[in-house]
Amino acid sequence: LSKRYENAQKEIAKLKNEAQKNPLVHVKELTEFGRYQKQRLKVARLSKRIKNIRGYWLKATAFKLVEEYDFIGIEDLKVSEMTKVKRGKGRGIQKKLNKRLQESNFRTFRGYLEYKAEFTGKTVVAINQYFASTQLCSSCGYQYEDLKWKFKKQWQCPNCGAHHQTDVNSAQNIYKEALRVGAKKVKE
């Protein structure tokens, strides 16, 4: 599509140049380039298809989770803060990750989860995004500040010596915090 667009723009520029010399020359509009329009429709159809597939997957996954579990705890993430492009090494990788994060539709998924949970009488609790789920030791509660800017898959708690895998530890902390926040909501 971008190649067709560039070719059409070159042709328009060429025709404008000729029209200055000869006023009888017709300068085409972008809508008059058949190949560009045909390709634009193909891309639009594919984009819509991808959007529908993603939407179906989100709905099906949300339904499956709500059907399987009575209580679901999630972390309230802001994708806009996660996708800020950083300078330096790994910038290309960061751009690709950012694109995937923006395509993942966390907010839409959360909406589907909450809707289906409310419809079936189940509970979804979203915890604060600033809760340091990866930095806290799930065994003793010690906050390991050094982990904040490092991307480690495993770490050992300096306080109690427990060995943690970052993702599993984070999931355990999110679960505990969701139970606490959920219990607080029930009391209110």
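The values are calculated or read from the model by the stated rules, or taken from the named source; none is laboratory data. None of these values were measured; they are calculated from a predicted model. Counting neighbours? That spans all protein chains shown, and the Cβs are built from the backbone with ideal geometry, glycine included. What goes into the accessible areas is simple: the full protein's heavy atoms, side chains included, and nothing from ligands, DNA or RNA. Shrake-Rupley method; radii C 1.70, N 1.55, O 1.52, S 1.80 Å.
Here are the numbers for this structure:
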quantity	calculated
Residue satisfying all of: in the stretch 123-163; in contact with a Ser or Thr (Cβ under 8 Å, 6 or more places away or on another chain), open to solvent by 30 Å² or more (accessible area, probe 1.4 Å) and part of a loop (DSSP other than H, G, I, E, B); modelled with the highest pLDDT among these	Cys160
Cβ pairs under 6 Å, 6+ apart, first in the stretch 108-119 and within 15 Å of Tyr56 (Cβ to Cβ), second open to solvent by 50 Å² or more (accessible area, probe 1.4 Å) and of a type in the set (Phe, Trp, Tyr)	Lys116/Phe63
Residue in the stretch 38-53 that is open to solvent by less than 100 Å² (accessible area, probe 1.4 Å), in a loop (DSSP other than H, G, I, E, B) and either modelled with pLDDT of 90 or more or not β-branched (Val, Ile, Thr) (or both) present	no
Count - residues of the stretch 164-188 that are assigned to a helix (DSSP H, G or I), free of Cβ contacts under 8 Å to residues at least 40 places away in the same chain and not small (Gly, Ala, Ser)	10
Filter result for Asn22 (of a type outside the set (Lys, Arg), loosely packed, with under 14 Cβ neighbours inside 10 Å and at pLDDT below 90)	yes
Of all residues making up the stretch 25-37, the number that are of a type outside the set (D, E, K, R), loosely packed, with under 11 Cβ neighbours inside 10 Å and part of a loop (DSSP other than H, G, I, E, B)	1
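Yes/no matrix, rows are residues, columns are (1) modelled with pLDDT of 75 or more; (2) of a type in the set (Phe, Trp, Tyr):
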position	(1), (2)
Ile72	yes, no
Thr83	no, no
Arg87	no, no
Gly92	no, no
Lys96	no, no
Gln102	no, no
Arg107	yes, no
Arg110	yes, no
Tyr115	yes, yes
